[in-house]
Amino acid sequence: MGSVYGTAGGSLEQASTASWAANERVAQIGAAGERSLARVLEAWAVRPDGPDVFHDVTVPNGHGANIDHVVVGSSEVLLIDAKAWRPAFYWTYGGVTRRGFEAFPFGDKRTLPNALAALTTFLERRGALMPFTVPLIVTVPANTHPKSAQVFAYRPIDARARTLESLARFPQLVLPNGQAPHPTAAAFAALTR
């Protein structure tokens, strides 16, 4: 059985700490989305061969950036970023992501690849390096909307995309298994808020 560290949505509890948020309401929607995803990940962790789950992980030298969730199994690490985007069709063509027919620059941010590089260096320096799998962006329902944004044609930079519904239905397709080795778990625990 895996362990769970940190508080999902913890860094978004106040809009003042969420500099990206337009206002407190947007930060609250983001925090609620992170907590929804955390419930799915924690259910995966408590299985007998469950991985360790870390919420709200600080990116070393990331200028205050964080990764919403990190899942560490016995042989791989998965970074997950929750996105509470409004329901729409998100798609990428020619390296540009769109929501419907409008450009959507938030879909083309490099947060996950940059975090992956920083965390790889961090683990290497501690002798706790493990292979990372391709990071995951998970869209979650935004507030009163019952369904997540549709992302089957969305191609994030150096990442994969899924909806919360598909992850909850088929976690075995993307989530690691087995408990994290102690040095790796200890390294991530030190970065967890």
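Descriptive notes on the structure:
- Sole exception among (1) more than 15 Å from the chain's Cα centre (by Cα); (2) in a loop (DSSP other than H, G, I, E, B) for Gln172, by number: (2)
- Val46 being open to solvent by less than 20 Å² (accessible area, probe 1.4 Å) and not hydroxyl-bearing (Ser, Thr, Tyr): no
- All positions within the stretch 82-101 that are under 13 Å from Ala161 (Cα atoms) and either among the polar types (S, T, N, Q) or in contact with a His (Cβ under 8 Å, 6 or more places away or on another chain) (or both): Ala82, Thr92, Thr97
- Qualifying residues in the stretch 99-149 (those that are in contact with a strand residue (DSSP E or B) (Cβ under 6 Å, 6 or more places away or on another chain) and charged (D, E, K, R)) - the one nearest to Asn61 (Cα to Cα): Asp108
- Filter result for the condition that a residue is of a type outside the set (Lys, Arg), over 9 Å from the mean Cα position of the chain (by Cα) and open to solvent by less than 10 Å² (accessible area, probe 1.4 Å), over Val72, Val96: Val72
- Residues in the stretch 44-75 that are among the aliphatic types (A, V, I, L, M) and part of a strand (DSSP E or B): Val53, Val57, Ile67, Val70, Val71, Val72.
- Enumeration of residues in the stretch 135-154 that are more than 22 Å from Ala31 (Cα to Cα) and either modelled with pLDDT under 95 or more than 17 Å from the chain's Cα centre (by Cα) (or both): Phe152, Ala153
- Residues located in the stretch 77-93, provided they are modelled with pLDDT under 95, charged (D, E, K, R) and either closer than 17 Å to Leu136 by Cβ or open to solvent by less than 60 Å² (accessible area, probe 1.4 Å) (or both): Lys83
The values are calculated or read from the model by the stated rules, or taken from the named source; none is laboratory data. No experiment lies behind these values; they were computed from the predicted model shown. Reconstructed Cβ throughout: ideal geometry from the backbone, glycine too, with neighbour counts over all protein chains shown. Areas reflect the complete protein model, heavy atoms only, side chains present, ligands, DNA and RNA absent. Shrake-Rupley method; radii C 1.70, N 1.55, O 1.52, S 1.80 Å.
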